[in-house]
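Heads up, the thing below is written out as structure tokens.
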């Protein structure tokens, strides 16, 4: 059994920061850019201002503020898309400005700039920005480069740097996609899991507007299916039901496996009548298309209409209470939450 170190136990925020840097390579690169901007470029801006090199001072100050602000925004929101674009464009703009103001310095900054861009923006954009950085550094530092004699070496080494950045960033991107698939989707049925549901609900139900309809679906007599036919047969039933649900929902609807034999359906668009039609289509589809030992499998559903500013937990609890009422009334039916029902129910 692993035991957390006293440092991590005493500093949960530090552990959270470490995990964020290890799990999000774009955030890590943006953080590195922010540190370089604050520790390196900002002091240089002050130094160049003191030596009356105003063009270089303004350039360094602009880059330090822009890149530092992008890193700060990424850490505050954990949104790396726009900070990545801002930093990538700032890197290329800065290389051109450095080449104009300090000539030879742009040659050295081209390599980390080309490499970092592949971790900040999509590969095609990174390639175009890298080409622009190399062209600007070479053109503005032509004499320091050695003219046509040094140009091939400069271009080839930057291309190799870009290829390395592309290969590593693509591998990291694919690993993150696999990790997200494992962490956000149910491996048995392929639908969203509870973690994905909570993340999407936190965003959709927190805007202060009605978010549609929530339905909790439960397979009837599922314990008996497992006991009489085995867990493999029970897993097959869950997969078949998930397939029926996915084929019965609209493109705007969302499906999650809540746990065990329970599913949650979020009908975010349309009125209650449209939601009722979808849920009835689901109930009939399961009854007609899912069976075990030549006996139809059925499910019960509890439904609640979200009322702003109600939390999604409260709305789900009302739907859950309606589900229990559907079970008591005979199963294989859809029940809508009654006023005041489920206010203290489980979530």
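So that you can scan it fast, the table gives a plain yes or no per residue for (1) over 30 Å from residue 94 (Cα atoms); (2) modelled with pLDDT under 90:
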position	(1), (2)
151	no, yes
156	no, no
171	no, yes
205	yes, yes
209	yes, yes
222	yes, no
232	yes, no
From the list 304, 337, 276, which one is touching a strand residue (DSSP E or B) at 6+ places or on another chain (Cβ under 8 Å), farther than 30 Å from residue 229 by Cα and surrounded by fewer than 22 Cβ atoms within 10 Å (Cβ to Cβ)?
276
Note on residue 279: of the conditions (1) in contact with a helix residue (DSSP H, G or I) (Cβ under 6 Å, 6 or more places away or on another chain); (2) under 15 Å from residue 332 (Cα atoms), unmet is (1)
Does at least one position in segment 208-221 carry a residue that is part of a helix (DSSP H, G or I), surrounded by 13 or more Cβ atoms within 10 Å (Cβ to Cβ) and either in the same structural domain as residue 311 (by TED's automatic domain parsing) or without any contact (Cβ under 8 Å) to a residue 12 or more places away in the chain (or both)?
no
From the option list 114, 92, 121, single residue qualifying as in the same structural domain as residue 34 (by TED's automatic domain parsing), under 25 Å from residue 171 (Cα atoms), surrounded by 20 or more Cβ atoms within 10 Å (Cβ to Cβ) and free of Cβ contacts under 8 Å to residues at least 40 places away in the same chain is 121
Those residues of segment 139-158 which are touching a residue at least 24 places away in the same chain (Cβ under 8 Å) and surrounded by 11 or more Cβ atoms within 10 Å (Cβ to Cβ) amount to 139, 140, 141, 144, 145, 154, 157, 158
Filter result for the condition that a residue is on the phi > 0 side of the Ramachandran plot and out of contact with any strand residue (DSSP E or B) (no Cβ under 8 Å at 6 or more places or on another chain), over 294, 310
294
Any residue in segment 247-268 that is exposed (fewer than 14 other Cβ atoms within 10 Å of the Cβ), at pLDDT below 95 and assigned to a helix (DSSP H, G or I)?
yes
When you go through 177, 200 one by one, which is the residue that is surrounded by fewer than 16 Cβ atoms within 10 Å (Cβ to Cβ), closer than 30 Å to residue 267 by Cβ and out of contact with any helix residue (DSSP H, G or I) (no Cβ under 9 Å at 6 or more places or on another chain)?
177
Whichever residue in segment 282-298 is surrounded by fewer than 15 Cβ atoms within 10 Å (Cβ to Cβ) and free of Cβ contacts under 8 Å to residues at least 60 places away in the same chain and, among such residues, is nearest to residue 232 (Cα to Cα):
291
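The values are calculated or read from the model by the stated rules, or taken from the named source; none is laboratory data. Predicted, not measured: the structure shown is a model, and the values here were computed from it. Note that we place each Cβ from the backbone using ideal geometry, even for glycine, and neighbour counts take in every protein chain shown.
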